[in-house]
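Chemist: Starting off with a structure, shown below.
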Amino acid sequence: MHNDHFSRHARQVLTVAHGRDPSSDPSIARSWLRCLEDYHLDPAVSIAPTVLEHGRLLESRERLQQVLHIAGTEMNSLHQQLSGAGHAVLLTDARGVILNCVTAPSERKIFERAGLWLGADWSEACEGTNGIGTCLVERQSLTIHRDEHFRGRHTGLTCSASPVFDPHGELLAVLDVSSAREAVSRQSQFHTMALVNLSAKMIESCYFLRHFEHHWLLRFHLQAESVGLFSEGLLAFDGEGRICAVNQSALNLLGQVRGGLLGQPVEAFFDCPLDQLLGRSSANATASWPLRTRDGRQLFAALRGQARSVAAPVAKPEAPLLPGICLGDPALQTDFRRALKVFERDVPLLINGETGCGKEAFAKAVHQASLRAGKPFVALNCAAIPEHLIESELFGYRGGSFTGALKEGMRGKLQQADGGTLFLDEIGDMPLALQTRLLRVLEDRLVVPIGGEPQAVDVRIISATHRNLLERVEAGSFREDLYYRLNGLEVALPALRERADKAQLLDFLLDQEAAGQAVTLQLAAREALLAYAWPGNVRQLRMVLRTLMALAEDGCVVLGDLPVNVLAPNLAPSTPGELSPLHEAERKTLLNTLDQQRWHMTRTAEQLGVSRNTLYRKLRKYRVCLPELDK
């Protein structure tokens, strides 16, 4: 009987996918065609879902720990609203892996037999058309009812799923309600879908509020009574008034696209000076007040933040406003505050991160924000100095103590940093013999120059490395006692590709490299810079911007000015005959949408329902040239 059912279902899938059933739902037909053409799945094959190993599941849950914490209460509430029986409420990550499941204990086995296990991969590529996987691809709420599933083994399920987006518009998770009851009709799912949508929006809003709890947060809506509800617009900005993030409701209310707001001053969109806006803030932001947009529309708003009098002098800036460094990433701000607290208590800092991610800039910012700001900040790169010179560089020497020594001697970096901070970059490359001497200095606070006498020093140490020091300890190339002496607090700096403040950082560095020069960055060029992975991190971005400033014609940087490695999509176009009919159709859709949106990357991505990074991957896949646009 099962085989007959699977065979009938497989025939129906083939009929619809190849366009021979005009009455079918286009989104289901698209999905079934993807399953056949892109994933090469067989609807009649009955196999159990792929399940992550326990350790990998724990890692996945750890990555979304904050989301899971927020979603837990909402999932339990949703299960109760659905009267519980016959429903499983699921939360997956952006890959479609189930990370949490709420269901009645007596029904857990039923859903596990259906493949709804913790750690199960329900992406379209693995399980075909289903609520979770198809929601991930379509990036919109949808219901997959029984026979609309691709695999015959899933046709007993009805699934309603809604995407959960992060504050930057990237897919964060999927909230899904699945039912295994036979009596579930498609009409009955309208109520379920509405509840799932509401719960997903609540999770989004709570995550946004939590993610930007240390920023100014503007909440607004067309109706005063809707401020504070899930449909409100959320806009986070920093102390300089530059927009860091917005939710989709804010974009809809302002009639803007995300790329047009990020990094811009909040005053550009609201008819209210920044000081006056900050003066309306409160810690709880419960009472709303009228706020007009620049185009004259009236909204009602509330601003969360520390209340500030309009007439009061500007307070001393916090971490994100430090000169010489951009700390718009909330996680980076938290790390900075923790680092500064322990540094003031004479606790050594160990900064870890990829080459070029800004370890020295972070260390210098900690020094400048501390009580030692007026004292020396001295940096020594342990990997850049030959081994036979690093001892004299670090400890100094007395005149005439060895052949070639200066007659007057030389003060070492430790002495130069007396009263201030010594930054030891690439500490993992320090020779073992010097590690022993450095440990003694840290313990005794005495420096012994080569050929000289002990001298007292008051110095605080910040060290940095891109290496795994514990591995070097195990290999015997780094002293274990020195490792624990330097690692009072370890700070792991994110790579540029992982930072939440890329747009803000781009503007910050552009302003620094322009050095007062009036330079305009073309929108297409800006989006290409933000989409690039930057393997060389902040150092590479800074160098590219410096080059662009030198090459800018008439004060404008256009797409064609970007280096070839950054402008990866700018390749020769594919020959249409090389593509399958499905891929050729996708390429034509891509080109048509780009033309409609005048090659505006953000609007094109939004119309296609994909992220900007996905759009650039599609451009590379089909070798589509990006024209130079005079925008």
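The values are calculated or read from the model by the stated rules, or taken from the named source; none is laboratory data. On a predicted model such as this, the values are computed, not experimentally measured, just so you know. Here Cβ is always computed from backbone atoms with ideal geometry, including for glycine, and neighbour counts include all displayed protein chains.
Chemist: Out of everything in segment 34-59 that is hydrophobic (A, V, I, L, M, F, W, C), at pLDDT 90 or above and part of a helix (DSSP H, G or I), what residue ends up being nearest to I132 (Cα to Cα)?
Modeler: Looking at residues that are hydrophobic (A, V, I, L, M, F, W, C), at pLDDT 90 or above and part of a helix (DSSP H, G or I), I get C35.
Chemist: Out of curiosity, is H87 in contact with a His (Cβ under 8 Å, 6 or more places away or on another chain), within 25 Å of R153 (Cβ to Cβ), modelled with pLDDT of 90 or more and in the same structural domain as G156 (by TED's automatic domain parsing)? So that I can check it myself, show each step before the final result.
Modeler: Working: in contact with a His (Cβ under 8 Å, 6 or more places away or on another chain): yes; within 25 Å of R153 (Cβ to Cβ): yes; modelled with pLDDT of 90 or more: yes; in the same structural domain as G156 (by TED's automatic domain parsing): yes.
Here the answer is yes, as H87 does meet what is asked.
Chemist: Among the residues that make up segment 367-378, is at least one of them touching a residue at least 40 places away in the same chain (Cβ under 8 Å), β-branched (V, I, T) and outside any loop (DSSP other than H, G, I, E, B)?
Modeler: yes
Chemist: Which count do you get for residues in segment 155-199 that are buried (at least 17 other Cβ atoms within 10 Å of the Cβ) and under 25 Å from K502 (Cβ atoms)?
Modeler: Total satisfying the criteria: 11.
Chemist: Give segment 218-231 a look and list any residue that's under 23 Å from the mean Cα position of the chain (by Cα) and either in a helix (DSSP H, G or I) or crowded, with 22+ Cβ neighbours inside 10 Å (or both), or say none. So that I can check it myself, show each step before the final result.
Modeler: Initial filter on segment 218-231 (under 23 Å from the mean Cα position of the chain (by Cα)): 218-219, 230.
Of everything in segment 218-231, those that are under 23 Å from the mean Cα position of the chain (by Cα) and either in a helix (DSSP H, G or I) or crowded, with 22+ Cβ neighbours inside 10 Å (or both) turn out to be L218, R219.
Chemist: Output the residues belonging to segment 134-158 that are part of a helix (DSSP H, G or I) and either farther than 19 Å from R186 by Cα or modelled with pLDDT under 95 (or both). Don't jump to the end; show me each part of the working.
Modeler: Of the residues in segment 134-158, the ones part of a helix (DSSP H, G or I) are 134-138, 146-148, 152-154.
Residues satisfying the conditions are L136, V137, E138, R146, D147, E148, G152, R153, H154.
Chemist: Sticking with this structure for a sec: So which residues in segment 338-354 are touching an Asp or Glu at 6+ places or on another chain (Cβ under 8 Å) and either over 27 Å from R542 (Cα atoms) or assigned to a helix (DSSP H, G or I) (or both), if there are any at all?
Modeler: Those that are touching an Asp or Glu at 6+ places or on another chain (Cβ under 8 Å) and either over 27 Å from R542 (Cα atoms) or assigned to a helix (DSSP H, G or I) (or both): none in segment 338-354.
Chemist: Among T73, T92, which is the only one that is part of a helix (DSSP H, G or I), more than 30 Å from D4 (Cβ to Cβ), in the same structural domain as S162 (by TED's automatic domain parsing) and within 33 Å of the chain's Cα centre (by Cα)? Even if it seems obvious, please write down each step before you answer.
Modeler: On the way: T92 fails: part of a helix (DSSP H, G or I).
Of T73, T92, the one residue that is part of a helix (DSSP H, G or I), more than 30 Å from D4 (Cβ to Cβ), in the same structural domain as S162 (by TED's automatic domain parsing) and within 33 Å of the chain's Cα centre (by Cα) is T73.
Chemist: Checking I70 against (1) among the β-branched types (V, I, T); (2) surrounded by 13 or more Cβ atoms within 10 Å (Cβ to Cβ); (3) within 16 Å of D121 (Cα to Cα), which test does it fail?
Modeler: (3)
Chemist: In addition: Picking from V473, V491, V538, which residue would you name as being without any contact (Cβ under 8 Å) to a residue 24 or more places away in the chain, over 20 Å from E391 (Cβ atoms) and crowded, with 16+ Cβ neighbours inside 10 Å? Can you show your working first?
Modeler: Numbers: V491 fails: without any contact (Cβ under 8 Å) to a residue 24 or more places away in the chain; V538 fails: without any contact (Cβ under 8 Å) to a residue 24 or more places away in the chain.
Step by step, each of V473, V491, V538 is checked, and only V473 is without any contact (Cβ under 8 Å) to a residue 24 or more places away in the chain, over 20 Å from E391 (Cβ atoms) and crowded, with 16+ Cβ neighbours inside 10 Å.
Chemist: Here's a follow-up. Residues that are touching an Asp or Glu at 6+ places or on another chain (Cβ under 7 Å) and of a type in the set (K, R): does segment 391-400 have at least one?
Modeler: No; the residues of segment 391-400 include none that is touching an Asp or Glu at 6+ places or on another chain (Cβ under 7 Å) and of a type in the set (K, R).
Chemist: Moving to a separate point now. Hey, can you tell me all the residues within segment 355-366 that are crowded, with 19+ Cβ neighbours inside 10 Å, part of a loop (DSSP other than H, G, I, E, B) and not small (G, A, S)? Please lay out each step first, then the result.
Modeler: Within segment 355-366, the subset crowded, with 19+ Cβ neighbours inside 10 Å is 356-359, 362-366.
Narrowing the set further to residues that are part of a loop (DSSP other than H, G, I, E, B) leaves 356-358.
Selection gives C357 alone.
Chemist: A follow-up question, please. When residues of segment 254-280 are filtered for being within 24 Å of the chain's Cα centre (by Cα), without any contact (Cβ under 8 Å) to a residue 60 or more places away in the chain and in a helix (DSSP H, G or I), how many remain?
Modeler: Counting residues in segment 254-280 that are within 24 Å of the chain's Cα centre (by Cα), without any contact (Cβ under 8 Å) to a residue 60 or more places away in the chain and in a helix (DSSP H, G or I) gives 3.
Chemist: Here are some residues: R153, R139. Which one is more than 31 Å from the chain's Cα centre (by Cα) and touching a residue at least 24 places away in the same chain (Cβ under 8 Å)? Working first, answer last.
Modeler: Details: R139 fails: more than 31 Å from the chain's Cα centre (by Cα).
Selected residue: R153, the only one of R153, R139 that is more than 31 Å from the chain's Cα centre (by Cα) and touching a residue at least 24 places away in the same chain (Cβ under 8 Å).
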